[in-house]
Amino acid sequence: MTLSIIRGYALNNGTWRDAALAAAAQIFELARKGFVTIDLRKHTAATEVHLRRVGRPIDNLSPEEQYLMAALFAGGDTVTLDSIQKVRVAQRLMTIARRRLTAEGLISTLTPGRLRRRIYLAYWCVALVAGVVTAPLIHDADSFMVWLISIIVPWIVVWAFTSSFAEMNAVRQTPAGKRLVEPIFSIYAQCKYAPPDKLLDPRWLPYELLWGRPFLRVLSGGYDTRPQWWSGEWPQNRDGVRLVLRATFEQMVVSLNQGKAPDGWHIDHELEAKIRRNKDYYELFSGIGDDLGNASDGGSSDGNDGGHDGSGSDGGGDSGDSGGHG
């Protein structure tokens, strides 16, 4: 089974918080596969990423990739991403990916955050019963301190243990999911921890942007010359290539992130209306559900997703490094 970038990222970690990092990497993968061309143009006070749709049918793309193409090119065959013009779809893409993975039995509906809250509830129920039963044994200040410590200390242990495993991932893989994610985790480990002089597969560029920054070791494996999917000028040295690709990736992250709204993740309803009017795109993934990305999907329901607006990615999104847990 072939995984799209964002689907593999969802299976490996799955946070809405870092969805914009995966969505930006997915654009590079679409470009590498010949569906999009990319160009970066820098002005005095702004950086613009220009994308152009290549006229290829997208029927064989995953629903996440189809939705991303639909969102990017809802207004035509070209789109500009900058500090003003944004296509806020990253968290909705993550929702699509997580729903598909859940439906296919690859991730559990019981996320680490929910499991942690259930453990907390169970502990305090037991502690309450134990406290009531042992309360008659309290006769003085010393016995009260022993009684209090017997409740508080176990709680600290439970809290520390559950916090550590719940923060690792936003999803719990099933046995089938663990088998499927092994190649993704292998790529993560090599992008993140391989020696700087190790040559990586040039096809891993999207993963290298997602997980391997700031080294971009993959570039030493085949990007000395301008790739076919890049439509603008190409730097003449590797340091220049690294700077251009990082700037392009980071601008995409800023432009794709939905951000937090009072009722969940910000949704661009005007963009959604454009997608729905374009039946060639929308009918391809309309069965996934019309409520994608609502507060019930994002919000703070899954532990470490809550309270993050994703804008930490604005400066390059090093929070993407949290995605490496198999």
> For SER150 and VAL133 in the same chain, what is the full-extension length gain: residue separation times 0.36 nm, less their Cα-Cα distance, in nm?
Replying inline: 4.8 nm
>> Once you place label points 7 Å from the Cα toward the Cβ at ARG117 and ARG246, how far apart are they in nm?
In response: 3.8 nm
> Taking the simple approach of a point 7 Å from Cα along Cα-to-Cβ for both GLN85 and ALA194, what is their distance in nm?
Replying inline: 3.5 nm
> In nm, to one decimal, how far is the SER231 label point from the ARG203 one, both placed 7 Å along Cα→Cβ?
Replying inline: 2.6 nm
> Of the listed peptides 244-255, 53-64, 171-182, what is their order by residue-averaged count of other C-beta atoms within 10 Å, with the highest listed first?
Replying inline: 244-255, 171-182, 53-64
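None of the figures in this text is laboratory data; all of them are computed from the coordinates on show. Values in this document were obtained by computation on a predicted structure and should not be read as measured data. We place every Cβ from the backbone using ideal geometry, glycine too, and count neighbours over all the protein chains shown.
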